[in-house]
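The values are calculated or read from the model by the stated rules, or taken from the named source; none is laboratory data. Being a predicted model, the structure only gives us computed values, none of them experimental. With ideal geometry, Cβ positions are generated from the backbone for all residues, glycine too; neighbour counts draw on all protein chains shown.
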Amino acid sequence: MSHIHKVEGPAPHVLPVGVYWTVFGALLCLTALTVWVAEFDFGTMSTTVALLVATTKASLVLACFMHLWFDNKFYGVILGATFVFLSLFILFCVMDEGSRTLIDPERANFLPRDQKVLQYKTDHPDELALRPGLKDPVKDELNFEGPHSQEE
Amino acid sequence: MSIAKASGVAGFPLHEHFERPEQQVDASKLGMWLFLATEVLIFGGLFVAYAVYHYLHPELFKAAHKFLDVRLGAFNTVVLLFSSLTVVLAIHGAQQGKKQMVLWNLFLTIVCAGTFLVVKYFEYSHKFHSGLLPGYYFTNATVPSPDEAHIFFGIYFLMTGLHGIHVVIGMIVLSWLMFRAYRDEFNPQYYSPLEIGGLYWHLVDIIWIFLFPLLYLIR
């Protein structure tokens with residue numbers, strides 16, 4: 001076991017208690033806001049609005065409760081780098097999924113957006129029987145809907 | 001001097017491999033922030049799964065999320081936010097040498113964590129009884145597009161389940177901190193374990209801050 005010596009420690013960085021209660025109040029207000037805002041339909045912007053409110057709440061917790069604002073800035077660099085790589089991870093995965101219907105299966109090159117074709121190719125011959133919602137890509141060669149919008 | 005002997009004496013317990021107390025505090029915080037970065041990336045994998053499946057099945061997510069209770073989700077959000085407040089109040093107490101403030105606030109935090117898990121238990125058992133389960137076990141026919149709704153519940157159970165495990169671990173960490181505070185191991189010069197444990201608990205809160213709108217409030 002390592003040896004421990006009792007020494008004079010650094011003076012604590014004390015914030016007034018009122019700061020914590022104020023931040024808690026702001027967090028409650030933002031929670032109410034995000035529930036209230038979810039009642040309205042902003043279309044594709046709804047998720048963006050919800051994530052903006054959530055990011056604001058997380059920033060308050062990080063800056064004040066987790067003391068990031070007053071601490072060594074290097075901790076913030078670690079966290080920032082994490083979020084940069086996480087965004088890349090999410091962005092590239094969604095970009096990949098979003099661009100698959102743009103590829104021409106015959107010539108294996110990109111198509112203009114208005115000439116989208118169904119290019120779902122199944123590896124398992126039984127898959128079409130298992131998933132009746134999915135049309136046969138060979139028979140419906142010019143299906144202008146993506147494979148995922150056929151459910152209804 | 002061993003840790004056991006060192007406890008109970010005021011001052012900063014400086015380990016021999018550190019030169020100054022500030023260096024020891026910085027090292028422990030740096031380690032914790034690196035650990036939190038890996039935690040964010042663990043949940044990041046699940047957030048990617050959520051993003052991709054939400055992108056592919058927007059209508060499904062919209063329909064399936066109605067089977068979650070927004071009131072219970074919002075209640076749990078408030079409970080976790082309050083528990084984050086009690087953690088910082090416990091640290092505040094330690095900074096001023098108020099032992100009772102540390103103990104009571106840590107106790108309140110553990111009670112909040114327990115409340116969160118009890119609410120989650122009721123939510124989960126409701127879903128088990130309604131057959132709203134991942135993959136093969138999904139048996140609820142009242143959901144629109146039942147052949148694919150299991151995807152949403154797979155993601156729901158993985159994300160909230162991993163978060164729930166973190167809450168349980170948090171309760172263990174907080175109980176350990178309470179035990180150490182009871183043994184007078186913290187003082188205004190030394191309260192690093194409270195800060196480190198607090199950082200973990202705030203991360204659990206932050207994850208839930210994102211899970212709540214993404215799972216319960218979809219449009």
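General remarks:
- Odd one out for A:Cys93 among (1) farther than 20 Å from B:Ser192 by Cβ; (2) loosely packed, with under 14 Cβ neighbours inside 10 Å; (3) facing chain B (nearest Cβ under 7 Å): (2)
- Within the option set A:Leu79, A:Leu33, A:Leu60, A:Leu52, being among the aliphatic types (A, V, I, L, M) and within 7 Å of another protein chain (Cβ to nearest Cβ) holds for one residue only, A:Leu79.
- Some residue of the range B:111-123 being over 30 Å from B:Glu22 (Cβ atoms), small (Gly, Ala, Ser), surrounded by fewer than 21 Cβ atoms within 10 Å (Cβ to Cβ) and without any contact (Cβ under 8 Å) to a residue 24 or more places away in the chain: no
- Answer residue from the range A:28-45, given it is modelled with pLDDT of 90 or more and among the polar types (S, T, N, Q) and is surrounded by the fewest Cβ atoms within 10 Å (Cβ to Cβ) among those: A:Thr31
- Here B:Ile207 passes the criteria (1) touching a His at 6+ places or on another chain (Cβ under 6 Å); (2) away from chain A (no Cβ under 14 Å); (3) modelled with pLDDT of 90 or more except the one numbered (2).
- Residue within the range B:56-71 that is within 20 Å of the chain's Cα centre (by Cα), more than 17 Å from B:Met159 (Cα to Cα) and more than 7 Å from every other protein chain (Cβ to nearest Cβ) present: yes
- Residue within the range B:145-156 that is surrounded by fewer than 17 Cβ atoms within 10 Å (Cβ to Cβ), touching a residue at least 60 places away in the same chain (Cβ under 8 Å) and either out of contact with any Gly (no Cβ under 7 Å at 6 or more places or on another chain) or not aromatic (Phe, Trp, Tyr) (or both) present: yes
- When B:Leu199 is tested against (1) more than 11 Å from the chain's Cα centre (by Cα); (2) within 14 Å of another protein chain (Cβ to nearest Cβ); (3) within 21 Å of B:Ser28 (Cα to Cα); (4) among the aliphatic types (A, V, I, L, M), just one condition goes unmet, and that condition is (1).
- Just one of the listed residues (A:Val19, A:Val77, A:Val23) is in the same structural domain as A:Ser87 (by TED's automatic domain parsing) and either among the β-branched types (Val, Ile, Thr) or free of Cβ contacts under 8 Å to residues at least 40 places away in the same chain (or both), and it is A:Val77.
- Count - residues of the range A:63-74 that are surrounded by 20 or more Cβ atoms within 10 Å (Cβ to Cβ) and facing chain B (nearest Cβ under 7 Å): 2
- Scanning the range B:10-44 for residues that are of a type in the set (S, T, N, Q), surrounded by fewer than 15 Cβ atoms within 10 Å (Cβ to Cβ) and farther than 30 Å from B:Thr160 by Cα yields one hit, B:Gln23.
- The listed residues are B:Phe47, B:Phe61, and the only one of them that is assigned to a helix (DSSP H, G or I) and at pLDDT 90 or above turns out to be B:Phe47.
- The set of residues from the range A:76-102 being aromatic (Phe, Trp, Tyr) and either under 17 Å from B:Phe210 (Cβ atoms) or at pLDDT 95 or above (or both) comprises A:Phe83, A:Phe85, A:Phe89.
- Subset of the range B:132-166 (residues that are more than 20 Å from B:Tyr55 (Cβ to Cβ), over 27 Å from the mean Cα position of the chain (by Cα) and among the small types (Gly, Ala, Ser)): B:Ala141
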